[in-house]
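The values are calculated or read from the model by the stated rules, or taken from the named source; none is laboratory data. None of these values were measured; they are calculated from a predicted model. Heads up, the Cβs are rebuilt from the backbone with ideal geometry, glycines too, and the neighbour counts pull from every protein chain shown.
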Amino acid sequence: MKIFLVRHGMDEDGFREIRYSYKFVSNGPIDRGETIKVKLKKYSGVMLAWTAVLHTVVGIVVYWQQIIDIANDGFINAVEPQLHTNRAAAFWFLLFGLLLFMLARFMNWLIRVKGTDVPKFIGVHMLALSLIGVFFMPVSGFWLVIPQAVIIIRR
C-alpha cells in the first residue's frame, strides 16, 4: 500500500489553492496485517501516554506515605537519597512517569502534527530499556512497554 500526496484546486478568485489529501493505492489485495500495523503505529503515542498515566497512578498509590512526608517537609530538599531512600524511590518513580508521558506527547506530535512515523531508534531504545528493567525487576510494568516498542520498530 502506498500513500501519495496530491495537490489540486483554485479558489474562487483564481488564486492557486493547495489542498492536501491522501490517496491510498494498492498494487493488489490489501493485506489486513499491514492495515493493523499501520493503525497500531498511529496510536503508539497514545498507548505510551496511557502507560505513563498508569505508571504515575501506581506510583501515587504505592508511595503515598512518602509523598505525604515530602510535602510535610516542605518539598525543597525533602528528598535526600542518603537519608530517605524510600522518598528517593518515590521521586524517581514519579519523575519517570512524567518523562514517559513527555515522550508519549512527542511521539503523538510526530504522528499527528508532522505526519511522520516515530523513528525506529526510539523503539529500539524503549525496547532496550524495557528488557533491562525486566531483567532486574521481573514483577514490574516494564512488560507493558515491550510490545509498544516492537510496534514502533516494525516497518
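When Leu103, Leu131 are checked against the criterion of being at pLDDT 95 or above and under 15 Å from the mean Cα position of the chain (by Cα), a single residue qualifies: Leu103.
Scan segment 135-155 for residues that are of a type in the set (Val, Ile, Thr) and loosely packed, with under 13 Cβ neighbours inside 10 Å and report the count. First the steps, then the outcome.
Keep residues of segment 135-155 that are of a type in the set (Val, Ile, Thr), which gives 139, 145-146, 150-153.
If we keep only those that are loosely packed, with under 13 Cβ neighbours inside 10 Å too, we end up with 139.
Total meeting the criteria: 1.
Residues in segment 127-146 that are of a type in the set (A, V, I, L, M) and without any contact (Cβ under 8 Å) to a residue 40 or more places away in the chain: Leu127, Ala128, Leu129, Leu131, Ile132, Val134, Met137, Val139, Ile146.
For segment 79-112, enumerate the residues that are polar (S, T, N, Q) and part of a helix (DSSP H, G or I).
Restricting attention to segment 79-112, the residues satisfying the condition of being polar (S, T, N, Q) are 82, 85-86, 108.
Within segment 79-112, Thr85, Asn86, Asn108 qualify.
Ile132 meets the conditions (1) under 19 Å from Lys42 (Cβ atoms); (2) surrounded by fewer than 18 Cβ atoms within 10 Å (Cβ to Cβ); (3) among the aliphatic types (A, V, I, L, M) in every case but one. The failed one is (1).
Please go through segment 113-124 and give me each residue that is assigned to a helix (DSSP H, G or I) and in contact (Cβ under 8 Å) with a residue 24 or more places away in the chain, ordered by number.
Just the residues of segment 113-124 that are assigned to a helix (DSSP H, G or I), to begin with: 120-124.
Result: Lys120, Ile122, Gly123, Val124.
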